[in-house]
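*Asks:* There's a structure below that I have some questions on.
The values are calculated or read from the model by the stated rules, or taken from the named source; none is laboratory data. Predicted model only: the values in this text are computed from it and were never measured. Note: ideal-geometry Cβ built from the backbone for every residue, glycine included; neighbour counts use all protein chains shown. Surface areas here come from the heavy atoms of the whole protein model, side chains and all, with no ligands, DNA or RNA. Shrake-Rupley method; radii C 1.70, N 1.55, O 1.52, S 1.80 Å.
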Amino acid sequence: MQEPNFNDQDNRITQLIEQHQHLPGALLPLLHAVQQAFGYIPPTTVPAIAEALALSRAEVHGVISFYHGFRSQPCGRNVLQICCAEACQARGSRQLAAHTRQQLGVDFHQTTADGEITLEPVYCLGNCATGPSVRIGDRVLGRVDAATMDRLLDELTRVPLRFQSEPMASETGDTTRGSQ
Ligand code: FES
């Protein structure tokens, strides 16, 4: 993801703060809005957020680091999440995660050197019955084994746009998010 221009970033942050600061419990919706706007929460925005909400910078940092969904660094072109919650662990997600980390050469919360894939853990995708589950963008896939993962990685790095626009052959109706 392209780094935002600082002036653009400042203007956008000011706008988002004005839109959210008067909401009850403004911090979480504001952080979500910032991440939506930039793909991550630039650390340089924390002072302005803290000041606007009468919080300390440490409090804002604490919330950002507490929630797995917030990022403090730009992510890759594709975000690949592997479910590490209990049901998926019982179905092999630890082994799948280890295989994926090895194949990509990155750990969780890191991005491949080519900027293509950011690997993240996630804790339940609502697809427990068909784990191990993974999410790529807004698509959730179930029963992902090492071979399926290899094919996903290959397609993401070679033809990512095709994956974004067409369901994969392995993606079946019973693996859609929320189906059990
Ligand atoms: S535990 Fe993995 S989708 Fe629910």
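*Asks:* Hey, could you check the range 67-105 for residues that are more than 15 Å from Leu153 (Cβ to Cβ) and hydroxyl-bearing (Ser, Thr, Tyr) and say which is least open to solvent (accessible area, probe 1.4 Å)?
*Replies:* Step one: filter the range 67-105 for residues more than 15 Å from Leu153 (Cβ to Cβ), giving 67-75, 83-95.
Cutting the leftovers down to hydroxyl-bearing (Ser, Thr, Tyr) gives us 67, 72, 93.
Details: Tyr67: 98, Ser72: 57, Ser93: 1 Å².
The selected residue is Ser93.
*Asks:* Quick check on this structure: which one of Ala90, Ala26 is more than 30 Å from Arg151 (Cβ to Cβ) and touching a residue at least 24 places away in the same chain (Cβ under 8 Å)?
*Replies:* Working: Ala90 fails: more than 30 Å from Arg151 (Cβ to Cβ).
Exactly one residue qualifies, and that residue is Ala26.
*Asks:* Continuing with the same structure: With the condition kept exactly as written, say whether any residue in the range 106-121 is surrounded by 22 or more Cβ atoms within 10 Å (Cβ to Cβ), within 11 Å of the ligand (Cβ to nearest atom) and within 22 Å of Tyr67 (Cβ to Cβ).
*Replies:* No, the conditions are met nowhere in the range 106-121.
*Asks:* If I ask for residues that are away from the ligand (no atom under 16 Å from the Cβ), touching a residue at least 24 places away in the same chain (Cβ under 8 Å) and of a type outside the set (Phe, Trp, Tyr), which ones from the range 60-78 would you list?
*Replies:* Val60, Val63, Ile64, Arg71, Ser72, Gln73, Pro74, Cys75, Gly76, Arg77, Asn78, listed by residue number.
Yes/no per residue for (1) assigned to a helix (DSSP H, G or I); (2) closer than 15 Å to Leu141 by Cα; (3) assigned by the TED database to the domain that holds Asp145:
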{"position": "Ile82", "(1), (2), (3)": "no, yes, yes"}
{"position": "Leu96", "(1), (2), (3)": "yes, yes, yes"}
{"position": "Phe108", "(1), (2), (3)": "no, no, yes"}
{"position": "Thr118", "(1), (2), (3)": "no, no, yes"}
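*Asks:* Spot the failing condition for Ile64; the list is (1) surrounded by fewer than 16 Cβ atoms within 10 Å (Cβ to Cβ); (2) under 14 Å from the mean Cα position of the chain (by Cα); (3) in a helix (DSSP H, G or I); (4) not charged (D, E, K, R), and only one is missed.
*Replies:* All conditions are met except number (1).
*Asks:* For the range 39-56, which residues satisfy the criterion of being closer than 25 Å to Arg77 by Cα and assigned to a loop (DSSP other than H, G, I, E, B)? Spell out how you get there, then give the answer.
*Replies:* Pass one, the range 39-56, residues closer than 25 Å to Arg77 by Cα: 39-46.
Matches in the range 39-56: Gly39, Tyr40, Ile41, Pro42.
*Asks:* Same structure again: For the range 122-145, which residues satisfy the criterion of being of a type in the set (A, V, I, L, M, F, W, C) and surrounded by 15 or more Cβ atoms within 10 Å (Cβ to Cβ)? Don't jump to the end; show me each part of the working.
*Replies:* In the first step, residues of the range 122-145 are kept if they are of a type in the set (A, V, I, L, M, F, W, C); the result is 122, 124-125, 128-129, 134, 136, 140-141, 144.
Selection gives Val122, Leu125, Cys128, Val134, Ile136, Val140, Leu141, Val144.
*Asks:* Check Glu59 against each of (1) open to solvent by less than 20 Å² (accessible area, probe 1.4 Å); (2) part of a helix (DSSP H, G or I) and name the one condition it does not meet.
*Replies:* The one condition Glu59 does not meet is (1).
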